Amino acid sequence: MKIAIGCDHGGLEHKNAIAEHLKARGFEVTDLGIYEQVSVDYPDIAVKVCNKITNGEAQLGILICGTGIGMSIAANKVKGIRAAACSEHFSAKYTRLHNNSNVLCLGGRVIGVGTALELVDLFVDTEFEGGRHENRVNKIMNIEK
Ligand code: RB5
């Protein structure tokens, strides 16, 4: 599976740790920055990561900003993206199972790196359950039309 990842200045340490962790697990990771501690506008990074998913170059995305919220708001404006800001395990798992989310957003100022790695593992290891959730997700996607 290919995973695209990006962060703003609120999530650089987390992003680097997550990218290394996923590579060590055998995933193909596309790191879209930032690469050093500079201040950037998180929507620019969100769009770069989401475009990788919508053009088929990645299946899942991970975005980290200070809270995870700005990234999720921006990502959800991109057609085809279902982004979830999560800070605990249950949500990271169920947003894959029930929402078929394709982008996980994390807050570098909300959770530590250890928790972030666990949430990432849950997110990438959980498959969409389908069934009754399929129709609900389709209704969400129809809102875009
Ligand atoms: C940047 O300071 C901060 O606003 C950003 O990282 C994020 O938390 C926005 O939601």
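FYI, it's all coordinate maths here, none of it is from the lab. Owing to the predicted nature of the structure, the values given are computational and were not obtained by experimental measurement. Please note: Cβ atoms are built from the backbone with ideal geometry, for glycine as well, and neighbour counts cover all protein chains shown.
Rounded to the nearest 20, the Cβ-based charge dipole of region 1-46 about its Cα centre (Lys and Arg +1, Asp and Glu -1) stands at 280 debye. Dipole magnitude for the chain: computed about the Cα centre from +1 point charges on Lys and Arg Cβ and -1 point charges on Asp and Glu Cβ, it is near 560 debye.
What pairs from LYS23/LYS77; LYS79/LYS139; LYS77/LYS139 go past 23 Å between their alpha carbons?
Violating the 23 Å limit, Cα to Cα: LYS23/LYS77.
For region 1-110, GluC sites (Glu not before Pro) are listed when DSSP marks them as loop and at most 16 other Cβ atoms sit within 10 Å of their Cβ; the list is GLU36, GLU57, GLU88. Other residues lying with their Cβ under 11 Å from the Cβ of LEU117 contribute a combined charge of -2, Lys and Arg counting +1, Asp and Glu -1. Label-to-label distance for SER87 and ILE143 is 2.2 nm, based on points extended 7 Å past Cα in the beta-carbon direction.
Across region 37-94, the relative contact order, built from alpha-carbon pairs under 8 Å that are at least six residues apart, equals 31 percent. Projecting the Cα atoms of VAL110, VAL38, CYS50 onto the charge dipole of the chain (Cβ charges, centred on the Cα centre) puts CYS50 farthest toward the positive pole. Can you give the FRET efficiency to the nearest 0.05 for SER39 and VAL113, using r as the Cβ-Cβ distance and R₀ = 22 Å? It comes out at approximately 0.60. Considering only beta bridges that DSSP places wholly inside the chain, some 0 percent are antiparallel.
Where only DSSP H runs of four or more residues are counted, the chain gives -14000 deg cm²/dmol as its mean residue ellipticity at 222 nm, each run worth -39500 (n - 2.57). Between the C-alpha center of region 17-60 and that of region 79-145 there is a gap of 16 Å.
For the chain, the residue among VAL29, MET1, ALA74 whose Cα projects farthest onto the positive side of the dipole built from Cβ charges is ALA74. Annotation for region 12-110: trypsin sites (Lys or Arg not before Pro) lying in DSSP loop with at most 10 further Cβ atoms inside 10 Å of their Cβ are LYS79. Anyone know which of LEU119, LEU12, LEU32 comes out most mobile in the 10 Å Cα GNM of the chain? Its mean-square fluctuation being the largest, the pick is LEU32.
With bins 5 Å wide beginning at 0, the percent of Cα pairs of the chain falling in each bin runs 2, 11, 22, 25, 23, 11, 5, 1, 0.
Note on the chain: with a GNM built from Cα contacts shorter than 10 Å, the maximum mean-square fluctuation among GLY68, GLY33, GLY114 falls on GLY114. Using only side-chain charges placed at the Cβ, +1 for Lys and Arg and -1 for Asp and Glu, the dipole size of region 79-145 relative to its Cα centre rounds to 400 debye.
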